[in-house]
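See structure below.
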Amino acid sequence: MLVTDVLHGLGYATIEAADGGSAIRALQSNARIDLLITDVGLPGGLNGRQVADGGRTLRPDLRVLFITGYAENAVFGRGHPDRGMLVLTKPFTTGDLVSRIGLLNGPVGRS
């Protein structure tokens, strides 16, 4: 809810998904989706990395922000993030979130 509140405060519209399967269905829709923000650990069988990979299959230019309580290598293994992917580790401040969104999505605060 914090992420959604921050995004709304910055003028962004959001689509929320309760689990990985719901997120994939949202990504399969015709909705405009500029940025996927996902926790690495999700209920429902798919993790955040699987959702991001599926989303990028559907939308190759999809930018992704992973939120995790684990180290970055838990998301990317020993590799590096793909272009357009960043990790935000918990705990984080609202400023950290806004900064990462800005890095992925250009200047924040636009509609």
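Points to keep in mind about this one:
- Qualifying residue in the range 6-16 (condition: of a type in the set (S, T, Y), under 19 Å from G84 (Cβ atoms) and in a helix (DSSP H, G or I)): no
- A Cβ distance below 8 Å, combined with a sequence gap of six or more or placement on separate chains, defines the contacts here; from the range 22-50, residues that are in contact (Cβ under 8 Å) with a residue 60 or more places away in the chain reach residues that are surrounded by fewer than 20 Cβ atoms within 10 Å (Cβ to Cβ) and assigned to a loop (DSSP other than H, G, I, E, B) in the pairs L35/L62.
- Scanning the range 56-70 for residues that are within 11 Å of the chain's Cα centre (by Cα) and part of a loop (DSSP other than H, G, I, E, B) yields a total of 1.
- Within the set G45, G21, G9, the sole residue that is out of contact with any Pro (no Cβ under 6 Å at 6 or more places or on another chain) and at pLDDT below 90 turns out to be G45.
- Residue that is farthest from M1 (Cα to Cα) [pool: residues in the range 83-103 that are free of Cβ contacts under 8 Å to residues at least 24 places away in the same chain and in a loop (DSSP other than H, G, I, E, B)]: R83
- Candidates in the range 71-111 are the residues that are closer than 23 Å to N47 by Cβ and of a type in the set (K, R); of these, the one that is modelled with the lowest pLDDT is R78.
- Members of the range 1-55 that are under 12 Å from the mean Cα position of the chain (by Cα), loosely packed, with under 12 Cβ neighbours inside 10 Å and closer than 19 Å to F92 by Cα: none
The values are calculated or read from the model by the stated rules, or taken from the named source; none is laboratory data. Just so you know, these numbers come straight off a predicted model, no measurement behind them. Methodologically, a virtual Cβ is constructed for each residue, glycine included, from the backbone with ideal geometry; neighbour enumeration extends over all protein chains shown.
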